[in-house]
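Notes follow once the structure below has been shown.
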Amino acid sequence: MALSHLGKKGIETSFKRGLVLPRVPASTERHISSTFSKSTSGSVAFSFARYINGFGFSSPNHESFPTFTSIRCFHVSRETLARRKEDPDRQLSHRELKKQTVKTKGKFSKREKKTDKPPVEAPYVPPRLQRLAKGLAEKTVDVFEGMTLLEFSKRTGESLAVLQSILLNVGETVSSEFDAISIDVAELLAMEIGINVRRQHTTEGSQILPRPPVVTVMGHVDHGKTSLLDALRNTSVAAREAGGITQHVGAFVVGMPDSGTSITFLDTPGHAAFSEMRARGAAVTDIVVLVVAADDGVMPQTLEAIAHARSANVPIVVAINKCDKPGANPERVKNQLAAEGIELEDIGGNVQVVEVSAMKSSGLDKLEEALLLEAVDMDLKARVEGPAQAYVVEARLDKGRGPLATIIVKAGTLVSGHHVVIGSQWGRLRAIRDMAGKQTDRVTPAMPVEIEGLKGLPMAGDDVIVVESEERAKMLSEGRKRKYERDRLLKAEEARVAEAEKKEAESEEGFVRVELPIIVKSDVQGTAQAVADALRTLNSPQVFVNIVHSGVGAVSHSDLERAQACGACIVAFNVKGGGSGNLSAAQASVKVYGFFNMLSKKVCSSDIEYDGSAGSP
């Protein structure tokens, strides 16, 4: 169809609707393209209207054909003339603004104009969750005092914009990425983005002096570890231990009169139920004294102690005890140790071995000489000045003094009145006492002390951090609590999913596993954790032991309410419930198993049984 066959009304209607001519002769197409290409974007409509008037179209009153202001054309071809022109800038007619209806198989359906939705910004995912989603291990970075924000960003892989927004939220400001941040602020940033940190303390400009070694005594139950320490410090600690089994970790300083120095000893429990406590002791120790009875030889707990020392990369000094007993055979013990990979000096190795008798106090001078020689070879030194770097050995709750923590200072000096953060707990050091119970104001490296003034009970193995103010201590404590809670929820969710999958597989096989919920209470924190770990070893294909809660102190009403709510029993070690607590337990139908002394025999004999009904162990 030629252009002149449409008429003025047809052309006007077509272009007002945004349509182009369906058919145009090739000569006309070339003329239109030439005309449009020579015209600017502002005069295209006028040029096209002038071209239309060349066909002789005019209005009845002989006026020129109107200009089409709704047309924009940059290139004309046969293909573009044959399709509808989509121009987002043109004004739509009244009919186009309405929803069009199309007939489809006898029914009418509305078809709305598609609009481009604005792009949705992807939610922010912390780097830790990104690593977990990819199956990567958790990231740990080293932080130190005075590192710049840019260096922290490079180490963590987080953007500067995110780090600066976190700083604003915690009340810290930096003018540029080259500004230095404190080590406390660096840890706060790391906790907010879910990255673990290791604090690195510089020794530049600090006085470095030799320090006493920290020695951990390990070995099998009843092989004479506490008796050996008792002989070294000439006290009667062993007489106070229940059945000869050390119930919780203790730290003692033993003076060596012959050399004029001192050695800090950690007396860790010696049987399998407290392997976790031995592991924490090995984390802060310099030398391990492996006590082996000359009559019993190498036992399973002896092998566990060797494994803990090797994993902590700590040197070993072997003390063969009870050499005075009938049937003692030190040579057999040496051969057993050599078979386990312990290279003794007697066979050309580098592990010293000493034959002692704790009961007769024989061979102690040789053991002292061996420990001091090992310490000299290790060249143990520590920073004396600056903030203290310490670790928690044990924690307990005292009725009159509140939460107490036994710590060992590894570097720096701890002063009474400092604000500290221990794990997720914080406080101001109200008093510091040595192992003899005497109050002191300053603590030097390798010195074990007991501190008070904390707001809560820390965990054994937590590090002690000295901060500048109470506000900073609160902020760091809250940040750690949030991080620990996130980690706990992630681990709980993983455990829940794994248990659900296991139950589903068991149900398909027609097997039902009974759950035994237990609440653990103990006198000290480390013992509560060890008791919980010992109870978990009682899992069997028929019974699943679920430790609902573990804590320190006497059995309280809240413990009874928690046990009644989840149908659990309470296992209490070295704590009492009181008359009202026993009455409430009877009224709530909650069974409380009180163990005083000799925990190993109770747990190993599996005195806790389950009859299959909820809350009735």
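Numbers for the structure displayed
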quantity: Sparse-neighbourhood loop sites, GluC sites (Glu not before Pro) in segment 509-564 - DSSP loop, at most 15 other Cβ within 10 angstrom; calculated: GLU509
quantity: Span from the segment 380-413 Cα centroid across to the segment 471-547 one, whole angstrom; calculated: 29 Å
quantity: Unsatisfied cross-links (Cα-Cα over 31 Å) in the set LYS139/LYS410; LYS334/LYS438; LYS491/LYS521; calculated: LYS334/LYS438
quantity: Residues in segment 407-426 reached by a label modelled at LYS438 [backbone nitrogen below 12 Å; 7 Å Cα→Cβ]; calculated: none
quantity: Local electrostatic count, SER153, Cβ distance below 13 Å [Lys/Arg +1, Asp/Glu -1]; calculated: -2
quantity: Rounded, prolate or oblate (a/c below 1.5 giving rounded, otherwise prolate when a/b exceeds b/c) for segment 386-476 by Cα gyration tensor; calculated: rounded
quantity: Percent RCO, i.e. relative contact order, over segment 339-417, from Cα pairs under 8 Å lying at least 6 residues apart; calculated: 20 percent
quantity: Residues TYR593, TYR391 arranged by fewest to most Cβ contacts within 10 Å; calculated: TYR593, TYR391
quantity: Cβ-defined net charge surrounding ALA563, 12 Å radius [Lys, Arg +1; Asp, Glu -1]; calculated: +1
quantity: Length added when fully stretched, THR261-LYS325, from 0.36 nm per residue minus Cα-Cα; calculated: 19.9 nm
quantity: Rg(Cα)/(2.2 N^0.38 Å) for segment 421-463, N = residue count; calculated: 1.17
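We did not get these values from a lab; they are worked out from the coordinates using the rules stated. Quick caveat, the model's predicted, so the values are computed rather than measured. Ideal geometry is used to build each Cβ from the backbone, glycine not excepted, and the neighbour counts take in all protein chains shown.
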